[in-house]
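Accompanying notes for the structure given below.
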Amino acid sequence: MERPGSDDEYEKLVFRVNPPRVVVDNDVCSSATVVKVDSARKHGILLEAVQVFTDLNLSIKKAYISSDGRWFMDVFHVTDQNGNKLMEKSVVGYIEQSLTNIQCGRTKEYTGLTALELTGTDRVGLLSEVFAVLADLDCDVVEAKVWTHNGRIASLIYMKDCNSGSPIEDSQQIDRIEARLRQVLKGDNDIRSAKTVFSMAVTHTERRLHQMMFADRDYEREPIFMLGNDNPVVSVLNWVERGYSVVNVQCKDRTKLLFDVVCTLTDMEYVVFHATVNTLEDVASLEFYIRHADGSPISSEPERQRVIKCLQAAVERRVSKGVRLEFCKEDRQGLLVVVTRTFRENGLNVTRAEISTTMDTALNIFYVTDAHGNPADPKVIEGVRQWIGLDNLRVKELPTIHHQKADGEGEPVGMVGTVLLSLGSIVRRNLYNLGLIKSCS
């Protein structure tokens, strides 16, 4: 059982004395780069480790995770998005350095920018209205990410003052921006739940978006888009003899999937003691053995149902809905307003967006549907491209993950009833860590 609170300082001391040991191996497995991480256990270290792979857009094909007692031992089988091993020395070096220097709460630096968080009810044209208000109030959007799920929208926007190029810190200006944006976000029927928050420092952007939607209770709302056969299947059972709650997630495989699930479990204040991740062609199976921070398992049916809904939402938020459009053009004030207004005027709804500016060039990605959430009419897309510029706005196929065919002796997909089978995976992983076996599977 875990001893709450009192062991924090001891845990930090042990972690400093025993920094993570990282091995990146391209020889042991024919189809993936194997990354082994051994360190003293520290709260949140699993999420931090997975975040390193997430930030590089790497695919985790398999993983064996164990952190019982005072030690944390993981093995990740990773590839790039094309299914290739990681052969570039710069990428391998970044992984080794990042995992060796893991510090919980690690954030990307946004020096000289102000962070703006927005949540509210999604509707066609909302993003266009938000960017129009910011432009009107002399705010220059440098970077932003926008997610939508179950009729809700969450956005994290990094910006600066157009005139001075400095962070927006004047309280009166902030009050004006918040007042205008609240009017836009609440629309006709969302007075209670529309929120705007300014900050000078935030956690990892995508983790923060998960936290914002979790706080907004998007998981309690009826889905707007039905994913059909791609709906995630989540189950939770208690393994009474060992005092674990066993969580299984099965869904279509994609990049950043493990991050999304671990992020949500962490923010719900569960501790992952063991886990396995397996992918079979385009299907991912994730199994977690969890407890509360005080060592107790899930204790009631309402709590079990809440975990199921929250994990389903965590998987669904990043699912790409609609046509992927990539926009690239020399940046100028008001450019983002023009692009999103054109979408709105042509009945296109932005379901997800990634806004960035690099060397005075706007590099933006939008996922769009029609106003009802159906696939957008190709003629409408082509008309929008002609208006914005065929060379500037391109239609891209949705990124796919390269999947290796399973070997004849590939690992079975773990489900709730196969607890012993999954523990066998953990034992094999520990033997691998000790150098007693060299099998990739």
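So if I check each of Val339, Val315, Val261, which one is touching a helix residue (DSSP H, G or I) at 6+ places or on another chain (Cβ under 7 Å), crowded, with 21+ Cβ neighbours inside 10 Å and more than 25 Å from Ala49 (Cβ to Cβ)? Of the residues listed, the single one that is touching a helix residue (DSSP H, G or I) at 6+ places or on another chain (Cβ under 7 Å), crowded, with 21+ Cβ neighbours inside 10 Å and more than 25 Å from Ala49 (Cβ to Cβ) is Val339. Tell me yes or no: at least one residue of the range 382-391 is β-branched (Val, Ile, Thr), open to solvent by 40 Å² or more (accessible area, probe 1.4 Å) and more than 25 Å from Leu156 (Cβ to Cβ). The answer is no, given that none of the residues of the range 382-391 is β-branched (Val, Ile, Thr), open to solvent by 40 Å² or more (accessible area, probe 1.4 Å) and more than 25 Å from Leu156 (Cβ to Cβ).
In the set (1) in contact with a Cys (Cβ under 7 Å, 6 or more places away or on another chain); (2) of a type outside the set (Ser, Thr, Tyr); (3) open to solvent by 10 Å² or more (accessible area, probe 1.4 Å), Arg306 fails one condition alone, (1).
Residues are listed down the side, and each one gets a yes or a no for (1) open to solvent by 60 Å² or more (accessible area, probe 1.4 Å); (2) of a type in the set (Phe, Trp, Tyr); (3) over 24 Å from the mean Cα position of the chain (by Cα); (4) more than 22 Å from Arg341 (Cβ to Cβ):
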residue: Gly93; (1), (2), (3), (4): no, no, no, yes
residue: Arg123; (1), (2), (3), (4): yes, no, no, no
residue: Leu137; (1), (2), (3), (4): no, no, yes, no
residue: Ala144; (1), (2), (3), (4): no, no, no, no
residue: Ser155; (1), (2), (3), (4): no, no, no, no
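Of the strands (runs of 3 or more DSSP E) lying entirely inside the range 263-362, those carrying at least 2 residues that are under 22 Å from the mean Cα position of the chain (by Cα), closer than 20 Å to Val233 by Cβ and small (Gly, Ala, Ser) are 283-292.
Has the range 62-81 got any residue that is more than 30 Å from Thr342 (Cβ to Cβ), surrounded by fewer than 16 Cβ atoms within 10 Å (Cβ to Cβ) and at pLDDT 90 or above? Within the range 62-81, none of the residues are more than 30 Å from Thr342 (Cβ to Cβ), surrounded by fewer than 16 Cβ atoms within 10 Å (Cβ to Cβ) and at pLDDT 90 or above. Close Cβ contacts (under 8 Å, 6 or more residues apart or on different chains) running from residues in the range 182-202 that are under 12 Å from Ala154 (Cα atoms) to residues that are at pLDDT below 85 and aliphatic (A, V, I, L, M) comprise Leu185/Ala194.
Output yes when any residue across the range 236-255 is over 23 Å from Ile45 (Cβ atoms), part of a helix (DSSP H, G or I), out of contact with any Pro (no Cβ under 6 Å at 6 or more places or on another chain) and open to solvent by less than 40 Å² (accessible area, probe 1.4 Å), and no when none is. Among the residues of the range 236-255, not one is over 23 Å from Ile45 (Cβ atoms), part of a helix (DSSP H, G or I), out of contact with any Pro (no Cβ under 6 Å at 6 or more places or on another chain) and open to solvent by less than 40 Å² (accessible area, probe 1.4 Å), which makes the answer no. Going by the structure shown, is Phe198 aromatic (Phe, Trp, Tyr), closer than 26 Å to Val133 by Cβ and either buried (at least 18 other Cβ atoms within 10 Å of the Cβ) or modelled with pLDDT under 90 (or both)? Here the answer is yes, as Phe198 does meet what is asked. Based on what the data block shows, is Val14 among the aliphatic types (A, V, I, L, M), at pLDDT 90 or above and surrounded by 13 or more Cβ atoms within 10 Å (Cβ to Cβ)? Spelling it out, it is not the case that Val14 is among the aliphatic types (A, V, I, L, M), at pLDDT 90 or above and surrounded by 13 or more Cβ atoms within 10 Å (Cβ to Cβ).
The set of residues in the range 50-64 that are touching a residue at least 60 places away in the same chain (Cβ under 8 Å) and under 20 Å from Asn101 (Cβ atoms) comprises Val50, Gln51, Phe53, Thr54, Leu58.
Determine, yes or no, whether Phe327 is in contact with a strand residue (DSSP E or B) (Cβ under 6 Å, 6 or more places away or on another chain), aromatic (Phe, Trp, Tyr) and in contact (Cβ under 8 Å) with a residue 60 or more places away in the chain. When the stated conditions are applied, Phe327 passes them. For the range 32-61, taking the residues that are of a type in the set (S, T, N, Q) and in a strand (DSSP E or B), the one that is modelled with the lowest pLDDT is identified as Ser39. If you go through the range 279-325 and keep only what is among the acidic types (Asp, Glu) and at positive phi, you end up with just Glu281. Would you point out the residue of the range 363-377, among those that are of a type outside the set (A, V, I, L, M, F, W, C) and not in a strand (DSSP E or B), that is most open to solvent (accessible area, probe 1.4 Å)? In this case the residue turns out to be His372. How many residues does the range 105-120 hold that are at pLDDT 90 or above, among the polar types (S, T, N, Q) and under 20 Å from the mean Cα position of the chain (by Cα)? Adding up the residues that qualify gives 1. For the range 344-362, give me each residue that is open to solvent by 60 Å² or more (accessible area, probe 1.4 Å) and without any contact (Cβ under 8 Å) to a residue 60 or more places away in the chain. Result: Glu345, Asn346, Thr358, Met359, Asp360. Report every pair of residues separated by at least 6 positions or lying on different chains whose Cβ atoms are under 9 Å apart, first residue within the range 254-271 and within 14 Å of Ile308 (Cα to Cα) and modelled with pLDDT of 95 or more, second of a type outside the set (D, E, K, R) and part of a loop (DSSP other than H, G, I, E, B). Close Cβ pairs satisfying both conditions: Tyr270/Ala293; Tyr270/Ile298.
The values are calculated or read from the model by the stated rules, or taken from the named source; none is laboratory data. Values in this document were obtained by computation on a predicted structure and should not be read as measured data. Note that we place each Cβ from the backbone using ideal geometry, even for glycine, and neighbour counts take in every protein chain shown. Just so you know, the surface numbers come from the protein's heavy atoms only, side chains and all, with ligands and any DNA or RNA stripped out. Shrake-Rupley method; radii C 1.70, N 1.55, O 1.52, S 1.80 Å.
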